[in-house]
Every structure is written in structure tokens, then in C-alpha cells.
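The values are calculated or read from the model by the stated rules, or taken from the named source; none is laboratory data. Keep in mind that this is a model prediction, so the values were computed, not measured. Using ideal geometry, Cβ is built from the backbone for each residue, glycine included, and neighbour counts are taken over all protein chains shown. Remember, those area values only see protein heavy atoms, side chains included, never the ligands or the DNA or RNA. Shrake-Rupley method; radii C 1.70, N 1.55, O 1.52, S 1.80 Å.
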Amino acid sequence: MQFQQLLYFVAVAETRHFTRAAERVHVSQPSLSQQIKALENELGAELFSRARGNIALTDAGEALLPLARRILADADTARIEVQELAQLRRGRVRLGATPSLCTGLLPDVLRSFHDRHPGIQLLIEEGGSHDLVRELARGALDLALIVLPLPAASPALTTIELLQEDLVVVSSPAEPAPGSGPRVRVADLREAPLVMFRHGYDLRELTVAACRAEGFEPAFTVEGGEMDAVLGFVRAGLGVAVVPSMVAARAGDLRVTPLARPGLRRTIALAHRSDVDPPRAARELQRVLMGIGTGQRGKNPPGAAPGPLGG
């Protein structure tokens with residue numbers, strides 16, 4: 001039984017005329033009649049009664065008609081579904097990102113993507129870069145925004161650098177500014193109470209490593225929070241925090257002080273598995289993210305203080 005045979009059968013059943021049915025499906029009348037005969041031979045029963053020029057369905061034809069219509073409808077639905085996916089009318093993207101990128105970079109990016117492709121469902125998973133790499137490896141994510149460098153390179157992972165972002169110090173306007181000048185040195189954090197992220201945050205590891213490079217262990221007044229909690233603790237005057245410039249730009253009620261040269265900055269990259277092509281919708285989101293990365297190379301990331309990177 002062939003798909004086109006069912007198409008021809010339904011056309012004859014609905015028009016009750018072989019010639020008009022052939023015109024409807026754009027084939028010659030002999031070809032249509034031949035295919036109908038082949039279908040009847042396949043099924044072992046006549047589908048039409050052709051008495052005195054009148055075309056009528058036999059009992060077998062009556063039984064087949066709703067089934068044939070359903071098969072054709074399902075095939076049409078499948079065609080539409082595939083076309084919608086191909087044209088980005090529908091689909092799903094599973095994107096992982098570090099919590100700071102969810103707060104700083106992603107809102108504007110996802111807004112732009114959603115405006116272009118409102119039918120694409122966006123599933124976001126927050127986590128540290130190490131956790132997100134593991135989720136990519138097991139196929140639970142299509143893409144991930146991570147912070148480089150990773151402790152160990154993965155041959156099954158493709159990473160594309162998007163941009164470099166300055167880190168800044170945020171503090172409560174109601175408390176004394178950290179340091180003694182317009183910029184904060186890492187060494188000034190020795191005397192500053194720090195609000196620190198939980199273990200597993202890339203920002204925690206980077207900040208602690210920078211302090212140790214200056215010869216001291218940072219003192220935490222509060223530790224263990226997520227990004228929103230850390231900003232809330234700083235807002236309450238419990239201490240200062242080192243955060244990405246894009247996050248600081250969205251925390252409008254906090255004092256933002258840049259770090260003195262050489263400063264601290266991080267490299268943001270987009271990662272996906274090397275052995276599996278991302279789905280069509282994920283590739284489109286990747287294109288949007290790559291566009292932002294291209295636009296930010298050679299200038300400050302969104303929300304960064306004026307001046308060169310690392311300043």
C-alpha cells in the first residue's frame with residue numbers, strides 16, 4: 001500500500017468521478033485508475049462499484065475511507081511539524097548558564113531571541129561551569145555558557161570564546177566606599193568584609209585566587225549565597241562583593257567601583273558537544289550569542305565601566 005494510492009482513493013471517493021479525481025491530484029486518469037486497481041489487488045477487495053457509470057463505495061471502500069483520511073491527515077501534520085521546526089516556528093532549546101550570566105547577560109539576549117522566534121521554548125539550567133560541562137556530556141543540554149578556563153580540557157567539547165568581562169566591586173551606598181580612591185585594588189579587599197558566593201561558583205574561585213596571589217586569605221562576613229542573595233546582603237551593608245560588570249549594571253541601587261589595574265576579568269564562552277550537532281533552534285540561539293560576542297570584542301561588555309578591558 002502506497003501513500004499516493006490512498007491519496008488517489010480519497011480523491012475518487014470524494015469526487016465520485018475518476019477524471020475529476022485525476023485533475024484534483026494532478027495525474028492522468030489512466031495512471032490514477034491503474035493505482036486504484038493496484039490498491040484493490042493489494043487489499044484483495046474492490047473499493048468502488050462502477051455500475052452503469054455511477055461510482056460508489058463498496059463496503060470495503062467505506063471501511064477504508066476514514067482510515068485513509070486519518071493517514072493522510074497525519075502525514076500532513078507531520079509535514080507541517082517538520083516545516084515549523086525547520087523554520088523556527090516551534091522547537092526547544094536547553095541552555096545552561098552560570099548564575100551570574102543568567103542575571104547579567106541572558107535577559108537581554110533571550111528577549112531578543114524570543115522576539116524573533118516566539119514559538120521556541122527556552123529551558124534554562126543554572127549551575128557552575130563544571131556542572132554544566134557534565135550536563136552537556138550526558139546530553140541534558142544543547143548549549144552552555146561557561147567561564148574559561150576549565151580545569152581540564154574535554155576532547156568531546158567545543159568551546160567558542162564570546163567575550164571578556166571586567167569584574168567590579170559592589171558595596172552599599174550607606175557604607176564607606178572600599179579602598180581610598182576611585183578604584184579598588186585587590187589588596188584593599190584584605191581589610192574589606194566580603195560577601196562570598198557558595199562553593200562551586202566560578203566567581204568565588206576567581207576572587208579567592210586573586211586574594212591569595214596578593215598574599216592573604218579573604219575574610220567573609222557572609223558566604224554561601226546565590227547571586228541575588230549576595231547582592232541583597234551587600235545592599236543590607238553586610239560587606240562588599242566582587243561581581244561581573246553586567247550584573248552590577250542591573251543592581252542600580254549599589255555603589256559600583258572598578259578594580260585598579262590589572263584588575264580582574266573573566267572569559268565567557270559558549271560550549272556544545274563536538275560529536276553531536278545542536279538542534280536547529282539551538283543553532284539559531286548560538287548565532288544570536290555569537291553576534292553579541294562579535295559586537296563586544298574590542299570594547300566593554302554591556303554594563304561595564306568606560307575604559308579598556310581590565311582597567
### Query
In square angstrom, what is the accessible area per residue of the chain with a 1.4 angstrom probe?
50
### Query
Counting only protein heavy atoms, what percent of the accessible surface of the chain is carbon or sulfur at a 1.4 Å probe?
51
### Gaussian network model of the chain, springs between alpha carbon atoms under 10 Å - residue of A137, A60, A249 with greatest fluctuation
A60
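With a cut-off of at most 16 other beta carbons within 10 Å, and DSSP calling the residue loop, which GluC sites (Glu not before Pro) in the stretch 137-216 qualify? Please list them. Walk me through the intermediate numbers first.
On the way: sites: E161, E165, E191, E205, E214; in loops: E191, E214.
Here the GluC sites (Glu not before Pro) that fit, given the DSSP loop and packing criteria, are E191, E214.
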## Note on the structure
For the chain, Rg(Cα) over 2.2 N^0.38 Å is 1.62
### Message
How many angstrom lie between the Cα centre of the stretch 74-132 and the Cα centre of the stretch 147-213?
### Response
29
### Query
What net charge is computed for the residues neighbouring P30, neighbours being all others with C-beta under 14 Å from the C-beta of P30, Lys and Arg scored +1, Asp and Glu -1?
0
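In whole percent, what relative contact order does the stretch 27-146 give with Cα contacts below 8 Å and a gap of six or more residues? Don't jump to the answer; show the numbers that get you there.
Values: 105 pairs, mean separation 26.7, N = 120.
Averaging sequence separation for qualifying contacts and normalising by length gives 22 percent for the stretch 27-146.
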### Query
Heavy-atom accessible area of D131 with all protein chains present, probe 1.4 Å, nearest 10 Å²?
70
### Query
To the nearest 10 Å², what's M1's accessible area with a 1.4 Å probe?
110
### Nearest-ten-degree value, helix 280-296 long axis tilted from longest Cα axis of the chain
30
### Once exposed loop trypsin sites (Lys or Arg not before Pro) are cut out (DSSP; at most 13 other Cβ, 10 Å), longest piece of the chain
139-296
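Using only helices, what value at 222 nm comes out for the chain when you add -39,500 (n - 2.57) per DSSP H run of length 4 or more and divide by the total residues, to the nearest 500 deg cm²/dmol?
Working: 11 runs with 134 residues, N = 311.
-13500 deg cm²/dmol, from helical runs alone.
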